[in-house]
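Chemist: Input: one structure, supplied below.
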Amino acid sequence: MNEIHFDFEAFLSIASITTGLLWILSIYFKKSSSQHSFFSNTVDQVGSFFPVLIFVLVVRTFVFEPFRIPSSSMMPTLLTGDFIYVNKFAYGLKMPVLHDTLIEVGKPERGDIVVFRFPKDQSVDYIKRVVGLPGDKIYYEIRKKELFVNGKLIEQELEGPYQGLMDNPNSKGLMKKFEIIDGNKHMMFTQNHRYGPTNYLNVTVPEGHYFALGDNRDNSADSRDWGFIPERNLVGRAVFIWMHWRTTDFMEGLKRIGTKLL
């Protein structure tokens, strides 16, 4: 999701530092001279952006960042065109750019929908559902679509063929199910005719990492393909949909606004 290769956070941090220095320099010019040159005026004007930039940096880093869903890997929970609110404070207060944790607040739990920096390309943000915590033993039976965590089968309740908004009209055979992880129920898809290159996956989640899957289970590139999510890559927990925008099914899409993500 949000496949933007321009590191806006780094740009915002550099811009804040630069304008902060110019802001301090402009104060010095005002105190040291009553005459204003072109240079001092320029410094003053550029430095005046500092309060706005530092405010945006603090909010974006520690509180809120909007994300737009561009793919169908989390259907039916999330659709293309959903804009989601992400609680960036849920998993700790982290430094911008460096991403080191300053204050620990909480850890992901099984079933959390998390936004994270893609391990293979840190400039790309992904969103998936955490199913495995550090130390968990994960076994996934690909043909039977069964997930085991620490030897326990994750319960699924079959609802039947999916009828509703569709990101890809050519997707056929989607079966809607409810998956129950640690007592919490969420919707998911499987596609009976879709199989992977192997029949099963059997791994143990290393310390400081997480195992995550897409809710559109047979149409998602996730930990089954590229491995585990390092804890330092976590951006935040997806909380609710605050806007939906798509050209097709416009009115139906608007009904998704305010939907809490489970």
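Where a number appears in this text, it was derived from the coordinates with a stated rule and is not lab data. If you're wondering where the values come from, they're calculated on a predicted model, not measured in any experiment. Glycine also receives a Cβ, built like all others from the backbone with ideal geometry; neighbour counts cover every protein chain displayed.
Chemist: Taking a cut-off of 20 Å between Cα atoms, list the lysines near K152, but don't count ones fewer than 8 places away on the same chain.
Modeler: K137, K144, K177, K185
Chemist: Let me ask something else about it. Give me the percent relative contact order of the range 65-254, please, defined on Cα pairs under 8 angstrom at least 6 residues apart. Intermediate results must be reported in sequence, preceding the final value.
Modeler: Working: 421 pairs, mean separation 56.5, N = 190.
It comes to 30 percent, rounded to a whole number.
Chemist: Beta carbons within 10 angstrom, averaged per residue: use that to sort the peptides 116-127, 199-210, 151-162, highest first. Display every interim value, and only then the final one.
Modeler: Values: 116-127: 17.2, 199-210: 14.8, 151-162: 11.8.
Averaged packing, sorted descending, gives the order 116-127, 199-210, 151-162.
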